[in-house]
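Below is one structure, written out as structure tokens, with a few remarks after it.
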Amino acid sequence: MARNWSEEARAALDAYPWKNPADKARAAREAELVSFGEAVEVADLPLAVRRWAAKRARPRFVWNGESWQELVSAFEKAILEQVLERAHGNISAAARLLKTTPRVISYKAKKNGVVNHGIL
């Protein structure tokens with residue numbers, strides 16, 4: 001019996017760069033077997049597919065009536081959190097990744113309320 005699939009899970013399964021179509025079919029069957037919900041979700045997919053999909057996922061900003069400044073602050077905060085996580089909390093490394101100075105990173109983090117494991 002075929003299971004229902006969420007749009008995200010089907011898209012991740014289809015977009016993954018499979019080397020062999022049989023591997024895709026096997027992964028789909030396994031996801032259907034381990035799924036307990038109404039539909040197969042991304043969390044039910046094999047780890048390699050989940051990691052691949054997570055790397056390609058982009059946060060989406062949706063305007064809900066906020067001011068320009070509120071949107072800019074939300075964007076800056078999201079980017080700073082991602083970069084500081086990738087840099088393991090190292091402000092200098094985060095600055096290198098963003099091609100700016102540690103002073104700018106510190107200023108923006110404080111301005112936007114980004115707390116970096118007690119560093120800021």
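We did not get these values from a lab; they are worked out from the coordinates using the rules stated. The shown structure was predicted, so the numbers you read here are calculated from the model rather than taken from an experiment. Virtual Cβ from ideal backbone geometry, glycine too; neighbours counted across all protein chains shown.
When +1 charges are put on Lys and Arg Cβ atoms and -1 charges on Asp and Glu Cβ atoms, the dipole computed for the chain relative to its Cα centre reaches about 700 debye.
Between VAL40 and ASN4, TRP5, SER6, the built amide H atoms are under 5 Å apart, and every one of these is 5 or more places off in sequence or on another chain.
Straight-line cross-link reach from LYS108 at under 14 Å between alpha-carbon atoms covers these aspartates and glutamates, not counting any fewer than eight positions away in the same chain: GLU70, GLU76, GLU81. Here the chain was treated as a single set of alpha-carbon atoms; its pair distances binned every 5 Å from 0 give 2, 10, 16, 14, 10, 11, 12, 12, 8, 4, 1, 0 percent.
Taking GluC sites (Glu not before Pro) across segment 1-93, the ones in a DSSP loop with at most 15 further Cβ atoms lying within 10 angstrom of their Cβ are GLU38, GLU66.
Loop-located chymotrypsin sites (Phe, Trp or Tyr not before Pro) across segment 31-65 with a Cβ neighbour count of 13 or fewer within 10 Å are PHE36, PHE61, TRP63, with loop assigned by DSSP.
Between GLU32 and ARG58, the modelled labels are 3.3 nm apart [label points 7 Å from Cα along Cα→Cβ]. Return one number: the angle in degrees, 0 to 90 and rounded to the nearest 10, between the long axis of the Cα atoms of helix 21-34 and the longest principal axis of the Cα atoms of the chain. For 21-34 against the chain, the angle is about 80 degrees.
The simple spin-label model puts a point 7 Å past each Cα toward its Cβ; for ARG51 and ALA15 those points are separated by 1.8 nm. Positive-end ranking of SER67, LEU97, LEU84 along the dipole of the chain, with charges on Cβ about the Cα centre, is headed by LEU97.
Each residue, THR100 and GLU41, gets one label point 7 Å from its Cα in the Cβ direction; the gap between the two is 3.5 nm.
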